[in-house]
Amino acid sequence: MLLPIGDDNRDRQITPVVNYLLIVLNIFVFIYWQRLGTDIPFTFGYATVPGEILTGHDIVTHSRIIHDPVSGQAIHMPGLQTTPIPVYLTLITSMFMHGGIAHIAGNMLYLWIFGDNLENAMGHVRYLVFYLLCGILAGLSHVFSAAWLNQSTLVPSLGASGAISGVLGGYILLFPGRSVHVWVILGIISLPAFLVVGLWFVFQLINGMGMLGGNEAAGGVAYAAHIGGFVAGLLLVKLFVRKIPAMRPRRSSTW
């Protein structure tokens with residue numbers, strides 16, 4: 001297991017205020033509006049539902065009881081809630097919501113480590129547009145893959161993973177040799193970004209292949225959104241880059 005915990009930021013020349021604000025906004029939405037994920041009407045109302053995006057209409061369903069075929073346990077499955085905004089805007093609102101503490105913690109860790117480097121290369125406004133655009137394209141990748149693979153289009157999706165995947169795609173293209181500090185069983189080591197991020201993407205591809213076999217979003221994770229966001233980041237990053245800063249040897253690494 002490779003867990004990134006920091007990278008080499010010696011060349012950073014600007015304070016990544018947009019990246020910080022994105023992290024704060026995600027945390028605020030999760031705590032205040034989602035009530036740590038317990039506010040079902042809000043969470044299901046503003047999540048992206050593929051069926052709604054494909055039809056352009058809000059879909060409301062009733063709650064139901066499903067039975068786990070393994071444990072036999074009865075599980076209450078909430079129905080889709082009323083969406084108080086145009087359904088296409090959920091491609092943006094869903095980017096700022098999460099399904100649980102582990103979900104948001106993992107996403108914000110990756111955004112903290114990798115986002116500041118792209119903001120430094122793009123500038124504040126360009127980075128924000130790049131982030132949102134990658135998130136939207138990632139959401140559409142999930143929507144169309146669900147329809148193409150004949151999966152349920154009534155399962156809501158949410159999370160910053162798609163946008164952050166775009167950040168990772170841009171990062172690996174701009175900074176393939178940058179040192180990324182990772183935690184492994186034996187301790188903390190530094191590896192080049194192309195290896196750390198590349199292994200992450202290979203993991204997404206392998207698990208995403210499970211969808212081809214009919215595995216519903218591969219265990220609840222929308223890998224198509226991760227793959228789509230990553231590819232979007234690769235293709236779009238050069239359009240947004242203001243410059244690629246030269247490495248300066250005076251600032252210490254951020255962990």
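Quick notes on this structure:
- Helices (runs of 4 or more DSSP H) enclosed by the stretch 1-117 - at least 3 residues per element that are within 20 Å of ALA146 (Cα to Cα) and of a type outside the set (D, E, K, R): 40-46, 50-55, 90-93
- Only one of the listed residues (VAL129, VAL87) is out of contact with any Lys or Arg (no Cβ under 8 Å at 6 or more places or on another chain) and without any contact (Cβ under 8 Å) to a residue 60 or more places away in the chain. That residue is VAL87.
- Between PRO50, PRO16, the distinction of being over 20 Å from LEU154 (Cα atoms), within 23 Å of the chain's Cα centre (by Cα) and either surrounded by 13 or more Cβ atoms within 10 Å (Cβ to Cβ) or among the hydrophobic types (A, V, I, L, M, F, W, C) (or both) belongs to PRO16 only.
- Qualifying position, being crowded, with 16+ Cβ neighbours inside 10 Å, farther than 23 Å from ASN9 by Cα, in contact (Cβ under 8 Å) with a residue 12 or more places away in the chain and not charged (D, E, K, R), among LEU80, LEU109: LEU80
Any read-out appearing in this document is the output of simple, stated calculations on the displayed coordinates, not a laboratory observation. None of these values were measured; they are calculated from a predicted model. As a convention, Cβ positions derive from the backbone with ideal geometry for all residues, glycine included, and neighbour counts pool all protein chains shown.
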